[in-house]
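Participant: Got a structure for you, written out below as structure tokens; questions coming shortly.
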Amino acid sequence: MTTITSRDNPRVRRWRALVRDAKERRREKRVLIEGEHLVSAFLDAGGKIEVLILSKSGAPSFGALEKRSGKAPVLLADTVFRAIADTGTPAGIAAEIAVPDSNIELNKVSSCVFLEGIQDAGNVGAILRSAAAFGIRHAVLGPGCADAWSPKVLRAGMGAHFALAVLEIADLAAAITAFGGRTACTVPRGGVALATANLSGRIGWLLGAEGQGISAALAARASLKVTIPMAGSVESLNVAAAAAICFYELSRRAARS
């Protein structure tokens, strides 16, 4: 099997662009996922790999995943693989996949998470991961959010993308209107204590960037404002931590009903 040894190879240049450029990902509707865990999670979810990419030295370690993918891999010299990798010490496996279509009929989903202006990729990925873990299957990202399919968000999501329908949209207010259920947002103080809040019915969680939080216009649309009680002098939680607590509470009650 031939090994690609040049960083100037057209395929390598294209994969490097998919890793580094959100515009290219959106234009092609393709993304590179990197690492054994993400590739395995994608296959577990029934995904179809377009191209399996292995480093020359790593190839012997991934025979099982190669077989599961049903694809003959493209081999890259280790230095070339590092050129397309987003991590400092790449594991030696990546895959090109199609970005799933996200034609969500928001008025039919039971729960959803809406993100406004969350630029930190780690927070976006962690929120998606918690949503998937606690049974929320739909996420809508508004303007100003980190690209849902960027390498850092994918790594933080740990495979959650493949259990969710993820929609990136220019008009978050219109998406909330289309959802039509109750919307809940967290506030540091003055809201209903989460433990006693009414979380029945169709709930859309509205989460904003740390610091500025939810914009006034969207906060005014929230039918429920909840506060997570905290001890000591801590004033607020990281948005991803707050999201996980809220999603867990919703899941806990659903399990009891």
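Participant: Among LEU38, GLY157, ALA254, which residue has its Cα furthest toward the positive end of the charge dipole of the chain, with +1 on Lys/Arg Cβ and -1 on Asp/Glu Cβ?
Facilitator: Positive-end residue among those listed: ALA254.
Participant: So if R0 is 35 Å, what FRET efficiency would ASN9 and ASP44 give, r being the distance between their Cβ atoms, rounded to the nearest 0.05?
Facilitator: On the way: r = 31 Å, r/R0 = 0.87.
For R0 = 35 Å, the calculated efficiency reads 0.70.
Participant: Right, another one. Once the principal axes of the Cα atoms of the range 3-98 are found, what is the range along each, listed largest first in whole angstroms?
Facilitator: 30, 28, 23
Participant: Are there GluC sites (Glu not before Pro) in the range 40-124 that DSSP puts in a loop and that have at most 15 other Cβ atoms within 10 Å, and which ones? Mind dumping the intermediate values first?
Facilitator: On the way: sites: GLU50, GLU66, GLU96, GLU105, GLU116; in loops: GLU50, GLU105.
Loop-located and lightly packed - GLU50, GLU105.
Participant: Something else: Between ASP101 and ASP171, what length in nm is gained on full extension when 0.36 nm per residue of separation is reduced by their alpha carbon distance?
Facilitator: Values: separation 70, 0.36 × 70 = 25.20 nm, distance 1.81 nm.
Contour length minus Cα-Cα distance gives 23.4 nm.
Participant: Right, another one. Work out how much length SER223 to LYS152 would gain on full extension: take 0.36 nm times their residue separation and subtract the Cα-Cα distance, in nm to one decimal. Don't jump to the answer; show the numbers that get you there.
Facilitator: Working: separation 71, 0.36 × 71 = 25.56 nm, distance 3.26 nm.
That pair, SER223 and LYS152, stretches by 22.3 nm at full extension.
Participant: Measure nothing but the geometry: give the 0 to 90° angle between the long axis through the Cα atoms of 10-20 and the longest principal axis through the Cα atoms of the chain, rounded to 10°.
Facilitator: 20
Participant: Show me the ranking of peptides 19-29, 164-174 by mean Cβ neighbours inside 10 Å, starting with the highest.
Facilitator: Numbers: 19-29: 14.4, 164-174: 17.0.
Those peptides, ordered most packed to least, come out 164-174, 19-29.
Participant: Next question, about the same structure. How would the chain be classified by its alpha-carbon gyration tensor: rounded, prolate or oblate, with rounded meaning a/c under 1.5 and the a/b versus b/c comparison settling the rest?
Facilitator: prolate
Participant: Express as a percent, rounded to the nearest 5, the fraction of DSSP beta bridges in the chain (both residues included) that run antiparallel.
Facilitator: Values: 10 of 37 bridges.
Expressed as a percentage, antiparallel bridges in the chain total about 25.
Participant: I need the semi-axes of the equivalent ellipsoid of the range 121-257: take the C-alpha gyration tensor, multiply each eigenvalue by 5, square-root it, list largest first in whole angstrom. Intermediate values should be presented prior to the final figure.
Facilitator: Working: eigenvalues 91, 58, 56 Å².
For the range 121-257, the ellipsoid semi-axes come out as 21, 17, 17 Å.
Participant: Where does the chain land at 222 nm, in deg cm²/dmol rounded to the nearest 500, when only DSSP H runs of n ≥ 4 count, each adding -39500 (n - 2.57), divided by all residues? Mind dumping the intermediate values first?
Facilitator: On the way: 10 runs with 91 residues, N = 257.
Rounded to the nearest 500, the figure is -10000 deg cm²/dmol.
Taken together, the values in this text are just the output of simple stated rules run on the coordinates, not laboratory data. Quantities reported herein were computed from a predicted structural model and do not represent experimental measurements. Cβ: placed from backbone, ideal geometry, glycine included. Neighbour counts: every protein chain shown.
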